[in-house]
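First comes the structure, then the notes that go with it.
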């Protein structure tokens, strides 16, 4: 089991891990948004509106079409067997 005890571990451990070993489903899109929000929060003092804008495109708020298109491009058998 892995536990995060310091916010710096998110940037120094978790992000490099998922950048090196990317998710192969449309969850990769959520990861990109999460990463963007995390870096913004660590480097700046974003407004609630800025964070809400990022969140608006995550998880169930993401359109089916966007998730489908990502899956069609990135989740083919040849791409899944590469990793």
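General remarks:
- Candidate set from segment 59-73 (those that are part of a helix (DSSP H, G or I) and modelled with pLDDT of 65 or more); member that is nearest to the chain's Cα centre (by Cα): 59
- Cβ separations smaller than 8 Å between residues 6+ apart or across chains give the following pairs from segment 19-33 residues that are closer than 19 Å to residue 55 by Cβ to residues that are modelled with pLDDT of 85 or more and assigned to a helix (DSSP H, G or I): 23/31; 31/18.
- Filtered residues of segment 29-58 (kept if part of a helix (DSSP H, G or I), more than 18 Å from residue 15 (Cα to Cα) and more than 16 Å from the chain's Cα centre (by Cα)): 48, 49, 50
- Looking only at segment 7-28, and only at residues there that are in contact with a helix residue (DSSP H, G or I) (Cβ under 9 Å, 6 or more places away or on another chain) and part of a loop (DSSP other than H, G, I, E, B), the one that is farthest from residue 65 (Cα to Cα): 22
The values are calculated or read from the model by the stated rules, or taken from the named source; none is laboratory data. This structure is a prediction, so every number in the text was calculated from the model and none was measured. Cβ: placed from backbone, ideal geometry, glycine included. Neighbour counts: every protein chain shown.
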